[in-house]
Amino acid sequence: MTVDMSVSVGGLRLRGPVLAASGTFGYGTEVPLLERRALGGMVSKGIFLRPRAGTPPPRIVETPSGMLNAIGLQGPGADALIREYAPLWASWDFPVLVNINGESVGEYGELTSRLDGVPGVAGFEINISCPNVEQGGMYFGNDPHAAAAVTEAVRKRTRLPVWVKLTPMVSDIGVIARAVEAAGADALCAVNTFVGMSIDLNAHQPRLSFRTGGLSGPAIRPLAVHLAHQAARSVRIPVLGVGGIMRAEDALEFLVAGCTAVQVGTATFVNPRAIADIHDGIKAHLETHGFSSVADLPRYLPRD
């Protein structure tokens, strides 16, 4: 049986359902390590309008079944991205979305305008897990009105696909999902990292210089599957599942829970072949169960 692995996600037709998640692949220099045939697409490391130094080390700490990171969204800024990385992306046979960040609604809009129409930029993934400096540091992703305002600001400045990456640190992810859908999002990515802390018992202080960091890896997968499922139940636009995917079986859980595609990040630190292994494992599962395409996989999506 020939299995069709292609999927349509938020304005893009992808050759496969497995994408490289933001952060873990930088701006693409790690791509040569991959079997590119298995890569449906890539989301770049987060970028701000201007260069950003990030947090001082130590920035990464291993935890049981995962890792904490506090990179601080270090990046070269929009001009360097356009000059150094976008021309490389334009030569690739898969799409690259840029993960965009800002400290105000206006900054998100300005960054989108700067990148819109740049060859190699196939779309935008909005990181709403940033603090809104105009509102005293409240995170955009924790408030449906703020999340919608950012989404609308980006939507007004581009016709490219707009995906919104949801934070898990909310009481009801469905409320945020519906708000950004109404504001013009083409797809949702669920979810970003959880906030965690690890203490060094020799130094009697946090292991990360920033004290807290984003927890990723298999430790968060059941939580991420639940939140992705809740988001998918709440909206009509596609949802990409993110969080702790190490094997094909992990990715399939997200797909059955209602996601259209998945993103893989931390797993590639352990296994550079992770994306290919997950892609091929999904295909083998579909073949074994007699499904001719990813779209044929049954979804568990009861609506309230």
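The values are calculated or read from the model by the stated rules, or taken from the named source; none is laboratory data. Computed from a prediction, not measured in an experiment: that's the story for all the values here. Cβ coordinates were reconstructed from backbone atoms using ideal geometry, including for glycine residues, and neighbour counts include every protein chain displayed.
Okay, residues lined up against (1) in contact (Cβ under 8 Å) with a residue 24 or more places away in the chain; (2) touching a Gly at 6+ places or on another chain (Cβ under 6 Å); (3) over 19 Å from GLU125 (Cβ atoms):
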| site | (1), (2), (3) |
| --- | --- |
| MET5 | yes, yes, yes |
| GLY10 | yes, no, no |
| PHE25 | yes, no, no |
| ALA86 | yes, yes, no |
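Could you grab me the full set of residues in the range 250-287 that are assigned to a helix (DSSP H, G or I), surrounded by 14 or more Cβ atoms within 10 Å (Cβ to Cβ), charged (D, E, K, R) and in contact (Cβ under 8 Å) with a residue 60 or more places away in the chain?
ASP280, LYS283
Find all pairs meeting these conditions: Cβ atoms under 6 angstrom apart; at least six residues apart or on different chains; first residue within the range 288-304 and in contact (Cβ under 8 Å) with a residue 24 or more places away in the chain; second residue surrounded by 13 or more Cβ atoms within 10 Å (Cβ to Cβ) and among the β-branched types (Val, Ile, Thr).
VAL294/VAL7; TYR300/VAL256
Looking only at the range 14-44, how many residues end up being closer than 21 Å to HIS285 by Cα and part of a loop (DSSP other than H, G, I, E, B)?
Number satisfying all stated conditions: 6.
Before we move on, is ASN192 of a type in the set (S, T, N, Q), assigned to a loop (DSSP other than H, G, I, E, B) and within 18 Å of the chain's Cα centre (by Cα)?
Yes: the conditions hold for ASN192.
Applying the selection to the range 233-250, what residues are under 18 Å from TRP163 (Cβ atoms) and either modelled with pLDDT under 95 or under 15 Å from the mean Cα position of the chain (by Cα) (or both)?
Passing the criteria: PRO238, VAL239, LEU240, GLY241, VAL242, GLY243, ILE245.
Would you be able to tell me the number of residues in the range 245-275 that are among the hydroxyl-bearing types (Ser, Thr, Tyr) and closer than 16 Å to SER293 by Cα?
So the answer is 1.
Of the residues in the range 172-182, how many are part of a loop (DSSP other than H, G, I, E, B) and closer than 14 Å to PHE140 by Cα?
0
Might you check whether a residue that is free of Cβ contacts under 8 Å to residues at least 60 places away in the same chain and either on the phi > 0 side of the Ramachandran plot or not β-branched (Val, Ile, Thr) (or both) occurs anywhere in the range 123-130?
yes
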